[in-house]
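Novice: First the structure, which I've put down as structure tokens, then a few questions once you've had a look.
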Amino acid sequence: SKARLMLGLQETSGKVAFDLSTLRIGEPAPLWPITNQNLKCEYSVKSEKRLRGVMSPSQDMTVDDFDTLQSWGATLIRYQMGRNWNAQKVTPDLGEYDRWLDTRLDHFDAFVLPQAVKRGMKVVLDMHEAPGMKNEFHEWNMLHDPAVARHFVETWRRIAKRFKGRKGIYGYDLVNEPLQTSEAAPGCDFWTLQKRAAEAVREIDPDMPIIVECNGMDSPWASGCFSPLDMPNIIYQVHMYLPLAY
């Protein structure tokens, strides 16, 4: 109900006048939809036991990785499909992205998933890098380019077709740590894009758990303005980096 407005200049001297005649105070328009606030999440797919595990290495997993995880008692792996984490200079070319992603999916299909099933583990398929990569503000470029946004949705449609009915997949993690700090293109905000991708998956696979993430790189504080998706078997993931030292 109260706020303090501080105005100033840095590394200068003299007198300054601020004209506040156009200042208006009010509720800002939301950058993404706020809806489904009273929705009750429903789950038809449940684990028989509580699972525990870790992120996978970012490079190809090995038998030694699985031996180590099994010795630790891990029952869940988040298989991260990532490259050049947080880099903005990686080519945004969508054809090149598809060729790279296919190498990750092939490794997952031919090695990771069979090794996990063999050991009684479950695997989350995590899109750690989205099509189009990021801009200089660390936002996904697909937030501002409808063509790249459509490619993101179609990529998940392709993944859902490839792995429908496969044993050992715990769920699909649609995009790792989204960050939106500015107005997106219509229908391309971080929430709507995940909704569109989830709907594409649901057209093919009605039961697969889908993992979505909130803004602020999936920060806990951002979950308060994240709307639930109106579909069953949605998992809401939060990345706990606070305090960072811990």
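The values are calculated or read from the model by the stated rules, or taken from the named source; none is laboratory data. Computed from a predicted model, the values in this text were never measured in an experiment. Please note: Cβ atoms are built from the backbone with ideal geometry, for glycine as well, and neighbour counts cover all protein chains shown. SASA here: full protein model, heavy atoms, side chains in, ligands and nucleic acids out. Shrake-Rupley method; radii C 1.70, N 1.55, O 1.52, S 1.80 Å.
Novice: Report, by residue number, each residue of region 163-186 that is open to solvent by 70 Å² or more (accessible area, probe 1.4 Å) and closer than 15 Å to ASP207 by Cα.
Specialist: LYS164, GLY165, ARG166, LYS167
Novice: Say we look at region 60-89 and pick out the residues that are touching a Leu at 6+ places or on another chain (Cβ under 8 Å) and at pLDDT 95 or above; which of these is surrounded by the most Cβ atoms within 10 Å (Cβ to Cβ)?
Specialist: Among them, the one singled out is ILE77.
Novice: Right, here's the next one. I'm told GLU139 meets every condition in (1) of a type in the set (Asp, Glu); (2) open to solvent by 10 Å² or more (accessible area, probe 1.4 Å); (3) out of contact with any strand residue (DSSP E or B) (no Cβ under 8 Å at 6 or more places or on another chain) except one. Can you identify the failing condition by its number?
Specialist: Every condition holds for GLU139 apart from (2).
Novice: Same structure again: Can you pull out the residues in region 217-240 that are open to solvent by 60 Å² or more (accessible area, probe 1.4 Å) and farther than 16 Å from TYR172 by Cα?
Specialist: MET217, TRP221, GLY224, ASP230, MET240
Novice: Scan region 202-219 for residues that are more than 22 Å from ASN38 (Cβ to Cβ), part of a helix (DSSP H, G or I) and within 15 Å of the chain's Cα centre (by Cα) and report the count.
Specialist: 3
Novice: Now, a different point. In the set ASP126, ASP109, which member is farther than 26 Å from THR192 by Cα, in contact with a Lys or Arg (Cβ under 8 Å, 6 or more places away or on another chain) and acidic (Asp, Glu)?
Specialist: After ruling out the rest, the residue left standing is ASP109.
Novice: Would you be able to say whether some residue in region 36-58 is surrounded by 12 or more Cβ atoms within 10 Å (Cβ to Cβ), modelled with pLDDT of 90 or more and under 26 Å from ALA185 (Cα atoms)?
Specialist: Within region 36-58 (the criterion being surrounded by 12 or more Cβ atoms within 10 Å (Cβ to Cβ), modelled with pLDDT of 90 or more and under 26 Å from ALA185 (Cα atoms)), the answer is yes, since at least one residue qualifies.
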